[in-house]
Amino acid sequence: MADYAKPVPNPEHPELTRPFWEAAKQHRLVIPWCGRCSEYFWYPRQVCPRCLQDGWEWAPVSGKGRLYSFTLVYQPQNPVFNEEIPYPFAMIQLDEGVRIVSNIVDCVIEDLRVDMPLEVTFEDVTDEWTLFKFHPAGARQPASKKRAGRQSARARN
């Protein structure tokens, strides 16, 4: 973990998102749940986007979903990701109904298909930060430092 040299999350509202990141450290995925509306939502914010009431809570979710959409990144904003290009940047529709943006790992780019089943996995990148990512359902592989793009690039060589 000590050799992780890439950027880590820098939450705009650290107090608001702390429970999310603490759950990730425990390899659990949680998202906001509004008891008043009986709805999950994403991204975390001060009030529920449906009923505009505060008092929502963090609720555990299955971590299962489907690939809703993706694009391949060829020019990352940060040059530390150049070694991984191309890599997929994806929107995942969780089984609970919300969409969340993440990376897909342990999958060759050519195998990515919209609506393919995915499962969450966690990568402990530092003592303070655990990142959530997704991999094809049933793969049961831990998050790898290699992303889909790198595996595909090697396969082409």
Only one of Ser102, Ser69 that is assigned to a strand (DSSP E or B) and more than 18 Å from Ala23 (Cα to Cα): Ser69
Leu72 vs. criteria of a type in the set (A, V, I, L, M, F, W, C) and within 18 Å of Asp111 (Cα to Cα): yes
Members of the stretch 103-124 that are within 19 Å of Pro7 (Cβ to Cβ) and surrounded by fewer than 20 Cβ atoms within 10 Å (Cβ to Cβ): Phe122, Glu123, Asp124
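Every residue, every condition in (1) surrounded by 14 or more Cβ atoms within 10 Å (Cβ to Cβ); (2) in contact with a strand residue (DSSP E or B) (Cβ under 6 Å, 6 or more places away or on another chain); (3) within 18 Å of Val98 (Cβ to Cβ), yes or no:
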site	(1), (2), (3)
Arg18	no, no, no
Trp21	yes, no, yes
Trp42	yes, yes, yes
Leu52	no, no, yes
Trp56	yes, yes, yes
Ser62	no, no, yes
Tyr74	no, no, no
Pro79	no, no, no
Ile85	yes, no, no
Hey, Val101 more than 17 Å from Pro9 (Cα to Cα), of a type in the set (A, V, I, L, M, F, W, C) and modelled with pLDDT of 95 or more or not: no
Flag for Tyr68 being modelled with pLDDT of 95 or more, closer than 28 Å to Gly138 by Cβ, of a type in the set (Ser, Thr, Tyr) and surrounded by 16 or more Cβ atoms within 10 Å (Cβ to Cβ): yes
Tally of residues being in contact (Cβ under 8 Å) with a residue 24 or more places away in the chain, over 16 Å from Cys107 (Cα atoms) and small (Gly, Ala, Ser) across the stretch 54-69: 3
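Yes/no per residue for (1) at pLDDT 95 or above; (2) assigned to a loop (DSSP other than H, G, I, E, B); (3) not β-branched (Val, Ile, Thr):
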position: Ala5; (1), (2), (3): no, yes, yes
position: Trp21; (1), (2), (3): yes, no, yes
position: Ala24; (1), (2), (3): yes, no, yes
position: His27; (1), (2), (3): yes, yes, yes
position: Met91; (1), (2), (3): yes, no, yes
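The values are calculated or read from the model by the stated rules, or taken from the named source; none is laboratory data. This one's a predicted model, so the numbers in the text were calculated from it and none came from an experiment. Every residue, glycine as well, gets a Cβ built from its backbone with ideal geometry; the counts of neighbours run over all protein chains shown.
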